[in-house]
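Reviewing the structure listed below.
A short reminder: the numbers here are calculations on the coordinates, not readings from a lab. All values reported here derive from a predicted model rather than from experimental measurement. Because the Cβ atoms are built from the backbone with ideal geometry, glycine has one as well, and the counts that use them run over all protein chains shown.
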Amino acid sequence: MKRYEIIQEIFVPCNGDLVQNQRTIQERMLISPERYVRGLYKNERGASYLHNTWGGSSVYEVVFDAGGKHRYIFTEL
């Protein structure tokens, strides 16, 4: 297991802006960031998962059919 800083951001479906006060930061011990994100939304139908890297961090986005988007940025500590 590795320790990660996780930044979660929630975006507004209608305009794509970051929802005010909807950014959280936490630290967790995880086996896999992808496994963690997919586990959060395992019962969600119509969710697409995107993965990218940015500045040495792993970025996972969950995009919903209704237009909402949640972004998770994982930085290994």
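Under 10 Å, Cα contacts only: if you run a Gaussian network model on the chain, which one of Gly55, Gly39, Gly67 comes out with the highest mean-square fluctuation?
For the chain, modelled as a Gaussian network with Cα springs under 10 Å, the answer is Gly55.
Counting Lys +1, Arg +1, Asp -1, Glu -1, what net charge surrounds Ile25 among other residues with beta carbon under 15 Å of its beta carbon?
0
Taking amide H positions as placed in the peptide plane 1.01 Å from N, state which residues far from Gly68 in sequence (5 or more) or on other chains have amide H under 5 Å from it.
none
Tell me the net charge near Ile73. Cut-off is 11 Å between Cβ atoms, Ile73 excluded, with +1 for each Lys or Arg and -1 for each Asp or Glu.
The answer is -1.
What ³J(HN,Hα) values, in whole Hz, does the Karplus curve 6.51 cos²θ - 1.76 cosθ + 1.60 give for the stretch 44-53 when θ = phi - 60°, with x put for Gly and Pro?
For the stretch 44-53, the Karplus curve yields 8, 8, x, 9, 10, 10, 10, 10, 8, 10 Hz.
Restrict the search to the stretch 1-72; then list the chymotrypsin sites (Phe, Trp or Tyr not before Pro) that DSSP places in a loop and that have at most 14 other Cβ atoms within 10 Å of their Cβ.
Taking the stretch 1-72 and a limit of 14 other Cβ atoms within 10 Å, the loop chymotrypsin sites (Phe, Trp or Tyr not before Pro) found are Tyr41.
Going out from 0 in 10 Å bins, what whole percent of all Cα-Cα distances in the chain drops into each bin?
In order of increasing distance, the bins hold 19, 52, 27, 2 percent.
With an 8 Å cut-off on Cα pairs and a minimum separation of 6 or more residues, tell me the relative contact order of the chain in percent.
40
Filter the trypsin sites (Lys or Arg not before Pro) in the chain to those in DSSP coil with at most 15 other Cβ atoms within 10 Å of their Cβ, and list the result.
Taking the chain and a limit of 15 other Cβ atoms within 10 Å, the loop trypsin sites (Lys or Arg not before Pro) found are Lys42, Arg45.
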